[in-house]
Each structure stands twice: as structure tokens, then as C-alpha cells.
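Enquirer: Before I ask anything, let me first share the structure, which is written out below as C-alpha cells.
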Amino acid sequence: MKRVVPSLAPSLLVSVPHLRDPNFDHSVVLLLEHDAEGSMGLVINRQTDHSMSDFCALQDLEYRGPKEAMVFVGGPVEPTQGFVLHGGAPPAVPSDVAGREVVAGIWFGADMELLRRLTREGGTLFRLLVGYAGWAPGQLDAEIAAGAWIPRPATPELVFHASPAEVWSLSLRDLGIDPRTIVKGGAAPN
């Protein structure tokens, strides 16, 4: 009989300070998949040193977005794989390219044509992330049970509008948790 795991996806996972893995220190993960096969998500608040405009120039993509936009690190797994989170399917993108709606106002895709259209057209909020966060079957459940992650609802405001430097503290404050009151402990897994 196949084990049934109640899905936490889609949601945000907010790391606590005693999560000792440097890949997830003060991170917020948009959890996209969570079932008996494992879990997958994207860190939404860790920027790289690479601007979107420089990335697009290297990929020969036209870029009409904000100059200050950066490429993000989605997680430590497959760091050369790109993923796109966007704020809605642009009208010129066919549904098979647009990806899937995660929650209202947040879409997920991994198609180069989607990225090409988003960079060329401008106007649609989006983030390019490289790599992803992945967990083996039962691993994420164990980490949550150990207190390493605090699940919370995903919102477009936190994904697209909040400053990456503030997403972690805002995610906690929205839940009524003062980040200064979270004590570093020693029990959380690496």
C-alpha cells in the first residue's frame, strides 16, 4: 500500500535560525511539490551576483526589465537548471509554455520560450532562479517535525514585491512571530 503524505505544497517554508545547512540560512522556500516521492521547492530570497540584464546578454535574450533585477539561487540541487516564477501568464504566451499556476498570482515554469517572452515583453513580474531545493521521501516531514521549518501560506506579495533581504523576517512577522524571539537550538537537522 502506498503511503499517503498530506501535501504542504503549495506553501512557503520559513527556515529557523538553528537550521544549520548554509544553503538555507534565513531562507524562505516556495514549496512546489510534496508527496510520498519527496519534495521540491525554490528558495525565493537568495540573489546571485548576476544581474538579469547581464544574464540575458549572455543568452542573447532581449531584456526590457528593471536594471536592478538579479538572478536568484533556487537551491543547491542542479545549479545549472533554470526555473521561472512569474506573476501571471502574459497574453502572448501559449498555455503550454506559461507553466502552471501554483497559487493565485504565482506561476511556475521551466521553459526557455517562457523566459524569452517575459524578458522581451516586460511588464510581467518574474524571477529567474537557478537550482532548486529537494528532499528525499520523508526528509522534509522530519525536518518540520524537528522544528527546522515553519510552513505558511504563499503570497505574491512575499514572492515578488518584498525585498529579498526582508522576506524571511516579513514571513515570520505575518504569522505573529518576532524573529528575534526564535532561539538558536541544537536539534535541527543539517
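Enquirer: Are any residues in region 86-105 in contact (Cβ under 8 Å) with a residue 24 or more places away in the chain, crowded, with 19+ Cβ neighbours inside 10 Å and under 27 Å from Leu58 (Cβ atoms), and if so, which ones?
Expert: Passing the criteria: His86, Pro90, Val93.
Enquirer: Looking at region 45-58, can you tell me whether even one residue there is at pLDDT 95 or above, under 15 Å from Ala154 (Cβ atoms) and touching a Ser or Thr at 6+ places or on another chain (Cβ under 7 Å)?
Expert: Scanning region 45-58 turns up at least one residue that is at pLDDT 95 or above, under 15 Å from Ala154 (Cβ atoms) and touching a Ser or Thr at 6+ places or on another chain (Cβ under 7 Å).
Enquirer: Search region 106-155 for residues being part of a helix (DSSP H, G or I) and basic (Lys, Arg), and hand back the single one that is surrounded by the fewest Cβ atoms within 10 Å (Cβ to Cβ).
Expert: Going through the qualifying residues, I end up with Arg120.
Enquirer: Where residues in region 62-85 are more than 13 Å from the chain's Cα centre (by Cα) and surrounded by 17 or more Cβ atoms within 10 Å (Cβ to Cβ), which of them is nearest to Trp135 (Cα to Cα)?
Expert: Met70
Enquirer: For region 54-81, name all the residues that are touching a residue at least 60 places away in the same chain (Cβ under 8 Å) and in a helix (DSSP H, G or I).
Expert: Phe55, Cys56
Enquirer: While we're looking at this one, here's another question. Does Leu8 fit the bill of being of a type in the set (A, V, I, L, M, F, W, C), surrounded by 22 or more Cβ atoms within 10 Å (Cβ to Cβ) and under 25 Å from Arg100 (Cα atoms)?
Expert: For Leu8, the condition - of a type in the set (A, V, I, L, M, F, W, C), surrounded by 22 or more Cβ atoms within 10 Å (Cβ to Cβ) and under 25 Å from Arg100 (Cα atoms) - is not met.
The values are calculated or read from the model by the stated rules, or taken from the named source; none is laboratory data. In this text, all values refer to a predicted model and were calculated from it rather than measured experimentally. Glycine gets a Cβ as well: all are built from the backbone with ideal geometry, and neighbour counts include every protein chain shown.
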